[in-house]
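Participant: Sharing a structure here in C-alpha coordinates format.
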Amino acid sequence: MHQTVLLREAVEALVTAPSGAYVDGTFGRGGHSRFLLDQLDDNGHLLGVDKDPVACECAAQLSSADSRFSFYHGSFADLPQQLQLMDIDAFDGILLDLGVSSPQLDEADRGFSFMSDGPLDMRMDISSGETAAQWLSYADTTAIAEVLKEYGEERFAKRIAAAIVKAREVEPLTTTAQLAKVVSEANPRWERHKHPATRAFQAIRIKVNRELEDLGDLLACSLDMLKVGGRLVVISFHSLEDRMVKRYMRDMARGEQLPAGVPVTDAALNRRMKLVGKATKASDAEVDENVRSRSAVMRVAEKIA
Ligand SMILES: C[S@@+](CC[C@H](N)C(=O)[O-])C[C@H]1O[C@@H](n2cnc3c(N)ncnc32)[C@H](O)[C@@H]1O
(Lines give C-alpha, C1' and ligand atoms only; values in the text may rest on other atoms or scores of the structure.)
Protein backbone atom coordinates (compact mmCIF):
# COMPACT_ATOMS: atom_id res chain seq x y z
CA MET A 1 0.00 0.00 0.00
CA HIS A 2 1.18 3.55 -0.72
CA GLN A 3 0.97 6.01 2.17
CA THR A 4 0.59 9.50 0.71
CA VAL A 5 3.22 11.94 1.96
CA LEU A 6 2.40 15.52 3.05
CA LEU A 7 -1.22 14.95 1.97
CA ARG A 8 -2.98 17.87 3.63
CA GLU A 9 -0.01 20.23 3.32
CA ALA A 10 0.34 19.70 -0.43
CA VAL A 11 -3.34 19.89 -1.32
CA GLU A 12 -3.98 22.93 0.86
CA ALA A 13 -1.03 24.72 -0.71
CA LEU A 14 -2.21 23.83 -4.21
CA VAL A 15 -5.93 24.62 -4.22
CA THR A 16 -6.69 28.33 -4.38
CA ALA A 17 -10.02 28.11 -6.28
CA PRO A 18 -12.52 25.27 -5.73
CA SER A 19 -13.82 25.55 -9.28
CA GLY A 20 -10.33 25.55 -10.81
CA ALA A 21 -8.54 23.08 -13.08
CA TYR A 22 -5.68 21.16 -11.46
CA VAL A 23 -3.10 18.55 -12.36
CA ASP A 24 -1.80 15.71 -10.23
CA GLY A 25 1.24 14.87 -12.37
CA THR A 26 2.18 11.82 -10.27
CA PHE A 27 -1.15 10.10 -9.61
CA GLY A 28 0.36 6.90 -8.09
CA ARG A 29 -2.50 5.30 -6.20
CA GLY A 30 -4.49 8.53 -6.10
CA GLY A 31 -3.93 9.59 -2.50
CA HIS A 32 -3.42 13.27 -3.29
CA SER A 33 -5.99 13.18 -6.11
CA ARG A 34 -8.85 11.91 -3.95
CA PHE A 35 -8.25 14.51 -1.25
CA LEU A 36 -7.84 17.19 -3.92
CA LEU A 37 -11.20 16.29 -5.48
CA ASP A 38 -12.76 16.67 -2.01
CA GLN A 39 -11.67 20.34 -2.06
CA LEU A 40 -13.19 21.08 -5.49
CA ASP A 41 -16.79 22.05 -6.27
CA ASP A 42 -18.91 20.69 -9.14
CA ASN A 43 -17.14 22.94 -11.67
CA GLY A 44 -13.64 21.95 -10.63
CA HIS A 45 -11.53 19.55 -12.67
CA LEU A 46 -8.54 17.36 -11.96
CA LEU A 47 -6.28 15.78 -14.57
CA GLY A 48 -4.29 12.84 -13.21
CA VAL A 49 -1.08 11.76 -14.94
CA ASP A 50 1.17 8.75 -14.40
CA LYS A 51 3.56 6.60 -16.42
CA ASP A 52 2.63 3.47 -14.51
CA PRO A 53 -0.02 1.15 -16.01
CA VAL A 54 -1.13 0.06 -12.52
CA ALA A 55 -1.77 3.70 -11.64
CA CYS A 56 -3.82 3.79 -14.83
CA GLU A 57 -6.10 0.99 -13.60
CA CYS A 58 -6.56 2.76 -10.29
CA ALA A 59 -7.35 6.03 -12.09
CA ALA A 60 -9.91 4.34 -14.33
CA GLN A 61 -11.97 3.49 -11.25
CA LEU A 62 -11.80 7.07 -10.08
CA SER A 63 -12.77 8.56 -13.46
CA SER A 64 -15.80 6.27 -13.73
CA ALA A 65 -16.92 7.35 -10.24
CA ASP A 66 -16.18 11.09 -10.59
CA SER A 67 -16.79 13.05 -13.82
CA ARG A 68 -14.56 15.88 -12.56
CA PHE A 69 -11.54 13.59 -12.97
CA SER A 70 -9.73 12.56 -16.15
CA PHE A 71 -6.46 10.72 -16.66
CA TYR A 72 -3.51 10.67 -19.04
CA HIS A 73 -1.16 7.66 -19.16
CA GLY A 74 2.27 9.09 -19.91
CA SER A 75 4.83 11.51 -18.57
CA PHE A 76 4.05 14.81 -16.89
CA ALA A 77 6.59 16.22 -19.34
CA ASP A 78 3.83 15.83 -21.98
CA LEU A 79 1.49 18.21 -20.10
CA PRO A 80 1.67 21.07 -22.66
CA GLN A 81 0.20 18.74 -25.32
CA GLN A 82 -2.47 17.53 -22.86
CA LEU A 83 -3.38 21.13 -22.03
CA GLN A 84 -3.90 21.84 -25.73
CA LEU A 85 -6.44 19.02 -25.88
CA MET A 86 -8.47 20.53 -23.03
CA ASP A 87 -10.92 23.41 -23.36
CA ILE A 88 -8.98 25.62 -20.94
CA ASP A 89 -5.99 27.95 -21.45
CA ALA A 90 -4.12 27.23 -18.24
CA PHE A 91 -4.19 25.32 -14.95
CA ASP A 92 -4.85 26.68 -11.46
CA GLY A 93 -2.30 24.34 -9.99
CA ILE A 94 0.17 21.56 -10.74
CA LEU A 95 1.23 19.01 -8.13
CA LEU A 96 4.21 16.67 -8.39
CA ASP A 97 4.99 14.04 -5.75
CA LEU A 98 8.17 12.73 -7.35
CA GLY A 99 9.87 9.35 -7.47
CA VAL A 100 8.45 5.87 -7.12
CA SER A 101 5.45 4.67 -5.14
CA SER A 102 5.68 2.02 -2.42
CA PRO A 103 3.84 -0.63 -4.52
CA GLN A 104 6.38 -0.13 -7.31
CA LEU A 105 9.20 -0.73 -4.83
CA ASP A 106 7.47 -3.58 -3.02
CA GLU A 107 6.53 -5.67 -6.03
CA ALA A 108 9.57 -7.76 -6.88
CA ASP A 109 8.33 -8.13 -10.48
CA ARG A 110 8.86 -4.43 -11.15
CA GLY A 111 12.58 -4.85 -10.56
CA PHE A 112 13.13 -1.70 -8.48
CA SER A 113 14.22 -3.35 -5.27
CA PHE A 114 17.52 -4.78 -4.07
CA MET A 115 15.62 -6.33 -1.14
CA SER A 116 13.69 -8.88 -3.17
CA ASP A 117 14.63 -10.76 -6.31
CA GLY A 118 12.91 -10.00 -9.60
CA PRO A 119 13.60 -9.20 -13.24
CA LEU A 120 15.98 -6.24 -13.63
CA ASP A 121 13.39 -3.90 -15.13
CA MET A 122 12.94 -0.63 -13.13
CA ARG A 123 10.68 1.03 -15.70
CA MET A 124 7.73 2.98 -14.34
CA ASP A 125 6.08 2.53 -17.73
CA ILE A 126 6.49 -1.15 -18.51
CA SER A 127 4.91 -0.61 -21.93
CA SER A 128 7.83 1.36 -23.36
CA GLY A 129 11.53 2.15 -23.11
CA GLU A 130 14.61 0.23 -22.21
CA THR A 131 14.85 -1.89 -19.04
CA ALA A 132 17.75 -1.60 -16.59
CA ALA A 133 18.95 -5.04 -17.78
CA GLN A 134 18.97 -3.89 -21.41
CA TRP A 135 20.91 -0.73 -20.63
CA LEU A 136 23.43 -2.54 -18.40
CA SER A 137 24.01 -5.13 -21.13
CA TYR A 138 25.77 -2.64 -23.42
CA ALA A 139 26.64 0.59 -21.54
CA ASP A 140 30.39 1.03 -21.15
CA THR A 141 32.17 1.52 -17.83
CA THR A 142 32.40 5.29 -18.27
CA ALA A 143 28.69 5.68 -18.98
CA ILE A 144 27.68 3.48 -16.03
CA ALA A 145 30.12 5.27 -13.70
CA GLU A 146 28.74 8.66 -14.78
CA VAL A 147 25.19 7.60 -13.98
CA LEU A 148 26.19 6.15 -10.59
CA LYS A 149 28.10 9.30 -9.69
CA GLU A 150 25.65 11.85 -11.03
CA TYR A 151 22.32 10.27 -10.09
CA GLY A 152 23.40 8.19 -7.08
CA GLU A 153 26.15 10.45 -5.70
CA GLU A 154 28.11 7.20 -5.39
CA ARG A 155 31.72 7.73 -4.33
CA PHE A 156 32.84 4.38 -5.69
CA ALA A 157 31.12 4.79 -9.03
CA LYS A 158 34.11 3.74 -11.18
CA ARG A 159 34.86 0.66 -9.13
CA ILE A 160 31.20 -0.46 -9.13
CA ALA A 161 30.80 0.23 -12.86
CA ALA A 162 33.90 -1.85 -13.62
CA ALA A 163 32.52 -4.71 -11.50
CA ILE A 164 29.20 -4.58 -13.40
CA VAL A 165 30.97 -4.77 -16.78
CA LYS A 166 33.18 -7.64 -15.56
CA ALA A 167 30.20 -9.56 -14.16
CA ARG A 168 28.19 -9.29 -17.37
CA GLU A 169 31.08 -10.84 -19.30
CA VAL A 170 30.55 -13.99 -17.23
CA GLU A 171 26.74 -13.99 -17.49
CA PRO A 172 24.11 -11.38 -18.39
CA LEU A 173 22.71 -9.38 -15.45
CA THR A 174 19.00 -10.07 -15.62
CA THR A 175 17.81 -10.01 -11.99
CA THR A 176 17.84 -7.50 -9.15
CA ALA A 177 19.55 -10.03 -6.86
CA GLN A 178 22.45 -10.42 -9.32
CA LEU A 179 22.92 -6.65 -9.58
CA ALA A 180 22.61 -6.15 -5.80
CA LYS A 181 25.29 -8.81 -5.21
CA VAL A 182 27.75 -7.40 -7.77
CA VAL A 183 27.30 -3.84 -6.46
CA SER A 184 27.52 -4.84 -2.79
CA GLU A 185 30.70 -6.85 -3.33
CA ALA A 186 32.33 -3.97 -5.23
CA ASN A 187 31.31 -1.28 -2.75
CA PRO A 188 33.88 -0.84 0.04
CA ARG A 189 31.68 1.64 1.90
CA TRP A 190 28.92 0.09 3.99
CA GLU A 191 26.96 2.98 5.49
CA ARG A 192 24.90 2.47 8.63
CA HIS A 193 21.19 1.91 7.89
CA LYS A 194 21.86 1.88 4.13
CA HIS A 195 22.14 -1.17 1.89
CA PRO A 196 25.39 -0.91 -0.15
CA ALA A 197 23.36 -1.08 -3.38
CA THR A 198 20.95 1.76 -2.44
CA ARG A 199 22.76 4.49 -4.36
CA ALA A 200 23.39 2.37 -7.45
CA PHE A 201 19.75 1.25 -7.64
CA GLN A 202 18.54 4.84 -7.23
CA ALA A 203 20.91 6.03 -9.96
CA ILE A 204 19.96 3.35 -12.48
CA ARG A 205 16.25 3.89 -11.79
CA ILE A 206 16.62 7.63 -12.42
CA LYS A 207 18.48 6.94 -15.67
CA VAL A 208 16.02 4.30 -16.94
CA ASN A 209 13.01 6.55 -16.29
CA ARG A 210 14.62 9.81 -17.43
CA GLU A 211 13.42 11.24 -14.12
CA LEU A 212 15.52 14.40 -14.08
CA GLU A 213 14.98 15.12 -17.78
CA ASP A 214 11.20 14.89 -17.28
CA LEU A 215 11.38 17.16 -14.24
CA GLY A 216 13.50 19.69 -16.15
CA ASP A 217 11.05 19.65 -19.08
CA LEU A 218 8.06 20.14 -16.77
CA LEU A 219 9.70 22.99 -14.86
CA ALA A 220 10.67 24.72 -18.12
CA CYS A 221 7.05 24.89 -19.29
CA SER A 222 5.24 25.14 -15.96
CA LEU A 223 4.93 28.93 -16.01
CA ASP A 224 3.27 28.89 -19.43
CA MET A 225 0.77 26.32 -18.21
CA LEU A 226 -0.26 28.16 -15.04
CA LYS A 227 -2.78 30.99 -14.68
CA VAL A 228 -1.64 34.08 -12.82
CA GLY A 229 -2.20 33.10 -9.17
CA GLY A 230 -1.78 29.42 -10.08
CA ARG A 231 0.57 27.32 -8.00
CA LEU A 232 3.30 24.77 -8.55
CA VAL A 233 3.72 22.34 -5.64
CA VAL A 234 6.59 19.85 -5.77
CA ILE A 235 7.49 17.14 -3.25
CA SER A 236 11.02 15.76 -3.77
CA PHE A 237 12.69 12.79 -2.13
CA HIS A 238 16.34 13.32 -2.92
CA SER A 239 18.68 16.25 -3.17
CA LEU A 240 19.11 16.10 -6.97
CA GLU A 241 15.41 16.73 -7.57
CA ASP A 242 15.08 19.20 -4.75
CA ARG A 243 18.04 21.21 -5.98
CA MET A 244 16.46 21.55 -9.45
CA VAL A 245 13.12 22.64 -8.00
CA LYS A 246 14.70 25.05 -5.52
CA ARG A 247 16.88 26.70 -8.19
CA TYR A 248 14.03 26.99 -10.65
CA MET A 249 11.65 28.57 -8.14
CA ARG A 250 14.36 30.85 -6.77
CA ASP A 251 15.35 32.06 -10.24
CA MET A 252 11.75 32.71 -11.21
CA ALA A 253 11.12 34.56 -7.95
CA ARG A 254 14.27 36.68 -8.35
CA GLY A 255 13.55 37.54 -11.94
CA GLU A 256 16.69 35.84 -13.18
CA GLN A 257 16.99 34.18 -16.58
CA LEU A 258 16.95 37.65 -18.14
CA PRO A 259 17.35 37.86 -21.90
CA ALA A 260 20.87 38.88 -22.96
CA GLY A 261 21.48 42.62 -22.68
CA VAL A 262 18.82 43.36 -20.07
CA PRO A 263 20.43 45.20 -17.11
CA VAL A 264 20.39 43.20 -13.88
CA THR A 265 18.65 46.12 -12.15
CA ASP A 266 15.59 45.26 -14.22
CA ALA A 267 15.50 41.78 -12.69
CA ALA A 268 12.61 42.65 -10.40
CA LEU A 269 10.49 43.58 -13.42
CA ASN A 270 11.14 40.14 -14.75
CA ARG A 271 9.89 38.29 -11.66
CA ARG A 272 7.52 35.58 -12.70
CA MET A 273 6.77 33.75 -9.45
CA LYS A 274 6.70 34.29 -5.73
CA LEU A 275 7.70 31.65 -3.23
CA VAL A 276 4.87 30.53 -0.96
CA GLY A 277 6.23 29.76 2.51
CA LYS A 278 9.45 27.90 3.17
CA ALA A 279 10.40 24.36 2.27
CA THR A 280 8.09 22.03 4.23
CA LYS A 281 9.10 18.69 5.73
CA ALA A 282 6.95 15.94 7.19
CA SER A 283 6.07 16.33 10.87
CA ASP A 284 7.61 13.97 13.45
CA ALA A 285 4.21 12.27 13.75
CA GLU A 286 4.09 11.59 9.99
CA VAL A 287 7.67 10.29 9.97
CA ASP A 288 6.82 7.96 12.88
CA GLU A 289 3.93 6.55 10.84
CA ASN A 290 5.64 6.51 7.46
CA VAL A 291 9.41 6.34 7.41
CA ARG A 292 9.45 7.15 3.65
CA SER A 293 8.24 10.68 4.47
CA ARG A 294 11.53 11.38 6.30
CA SER A 295 13.29 12.54 3.16
CA ALA A 296 10.37 14.49 1.63
CA VAL A 297 10.75 18.23 0.97
CA MET A 298 7.85 20.25 -0.40
CA ARG A 299 8.30 23.58 -2.20
CA VAL A 300 5.54 25.88 -3.43
CA ALA A 301 5.62 28.82 -5.86
CA GLU A 302 2.85 30.98 -7.31
CA LYS A 303 2.79 32.59 -10.74
CA ILE A 304 2.58 36.37 -10.44
CA ALA A 305 2.95 37.65 -13.97
C1 LIG B 1 5.46 8.99 -5.00
S2 LIG B 1 4.38 8.31 -6.17
C3 LIG B 1 2.97 9.33 -6.10
C4 LIG B 1 1.97 8.89 -5.08
C5 LIG B 1 0.67 9.65 -5.08
N6 LIG B 1 0.86 11.05 -4.78
C7 LIG B 1 -0.32 9.04 -4.12
O8 LIG B 1 -0.64 9.69 -3.13
O9 LIG B 1 -0.76 7.91 -4.36
C10 LIG B 1 5.10 8.82 -7.67
C11 LIG B 1 4.34 8.37 -8.91
O12 LIG B 1 4.75 9.21 -9.97
C13 LIG B 1 4.91 8.46 -11.14
N14 LIG B 1 5.88 9.21 -11.95
C15 LIG B 1 7.16 9.49 -11.66
N16 LIG B 1 7.70 10.24 -12.63
C17 LIG B 1 6.74 10.46 -13.54
C18 LIG B 1 6.67 11.20 -14.76
N19 LIG B 1 7.73 11.82 -15.26
N20 LIG B 1 5.49 11.24 -15.41
C21 LIG B 1 4.41 10.60 -14.93
N22 LIG B 1 4.41 9.87 -13.78
C23 LIG B 1 5.55 9.81 -13.10
C24 LIG B 1 5.37 7.10 -10.68
O25 LIG B 1 5.02 6.12 -11.63
C26 LIG B 1 4.60 6.94 -9.37
O27 LIG B 1 3.39 6.27 -9.58
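The values are calculated or read from the model by the stated rules, or taken from the named source; none is laboratory data. As the structure is a prediction and not an experimental result, all values here were calculated from the model. Virtual Cβ from ideal backbone geometry, glycine too; neighbours counted across all protein chains shown.
Participant: Among the residues of the stretch 192-200, are any on the phi > 0 side of the Ramachandran plot, of a type outside the set (Val, Ile, Thr) and in a loop (DSSP other than H, G, I, E, B)?
Facilitator: Within the stretch 192-200, one or more residues are on the phi > 0 side of the Ramachandran plot, of a type outside the set (Val, Ile, Thr) and in a loop (DSSP other than H, G, I, E, B).
Participant: Can I ask one more? Could you please let me know if Ala220 is more than 12 Å from Leu98 (Cβ to Cβ), outside the structural domain of Ser75 (by TED's automatic domain parsing) and away from the ligand (no atom under 13 Å from the Cβ)?
Facilitator: Spelling it out, it is not the case that Ala220 is more than 12 Å from Leu98 (Cβ to Cβ), outside the structural domain of Ser75 (by TED's automatic domain parsing) and away from the ligand (no atom under 13 Å from the Cβ).
Participant: Select from the stretch 67-88 the residues that are polar (S, T, N, Q) and under 24 Å from Gly216 (Cβ atoms) and list them in ascending order.
Facilitator: Ser75, Gln81, Gln82, Gln84, listed by residue number.
Participant: Now a separate question. Among the candidates Phe71, Phe114, single out the residue that is aromatic (Phe, Trp, Tyr), under 30 Å from Lys181 (Cα atoms) and either touching a residue at least 40 places away in the same chain (Cβ under 8 Å) or within 14 Å of the ligand (Cβ to nearest atom) (or both).
Facilitator: Within the list Phe71, Phe114, the selection yields Phe114.
Participant: Select, from Ser64, Ser70, the only residue that is loosely packed, with under 14 Cβ neighbours inside 10 Å, at negative phi, among the hydroxyl-bearing types (Ser, Thr, Tyr) and in the same structural domain as Gly93 (by TED's automatic domain parsing).
Facilitator: Sole residue among the options that is loosely packed, with under 14 Cβ neighbours inside 10 Å, at negative phi, among the hydroxyl-bearing types (Ser, Thr, Tyr) and in the same structural domain as Gly93 (by TED's automatic domain parsing): Ser64.
Participant: Kindly check whether there is at least one residue in the stretch 83-104 that is without any contact (Cβ under 8 Å) to a residue 12 or more places away in the chain and not assigned by TED's automatic domain parsing to the domain that holds Pro53.
Facilitator: Within the stretch 83-104, not a single residue is without any contact (Cβ under 8 Å) to a residue 12 or more places away in the chain and not assigned by TED's automatic domain parsing to the domain that holds Pro53.
Participant: Got at least one residue in the stretch 220-231 being over 24 Å from the mean Cα position of the chain (by Cα), in a strand (DSSP E or B) and either on the phi > 0 side of the Ramachandran plot or at pLDDT 95 or above (or both)?
Facilitator: Scanning the stretch 220-231 turns up at least one residue that is over 24 Å from the mean Cα position of the chain (by Cα), in a strand (DSSP E or B) and either on the phi > 0 side of the Ramachandran plot or at pLDDT 95 or above (or both).
Participant: Quick check on this structure: which one of Asp87, Asp109 is surrounded by fewer than 23 Cβ atoms within 10 Å (Cβ to Cβ), more than 10 Å from the ligand (Cβ to nearest atom), at pLDDT below 95 and in a helix (DSSP H, G or I)?
Facilitator: Exactly one residue qualifies, and that residue is Asp109.
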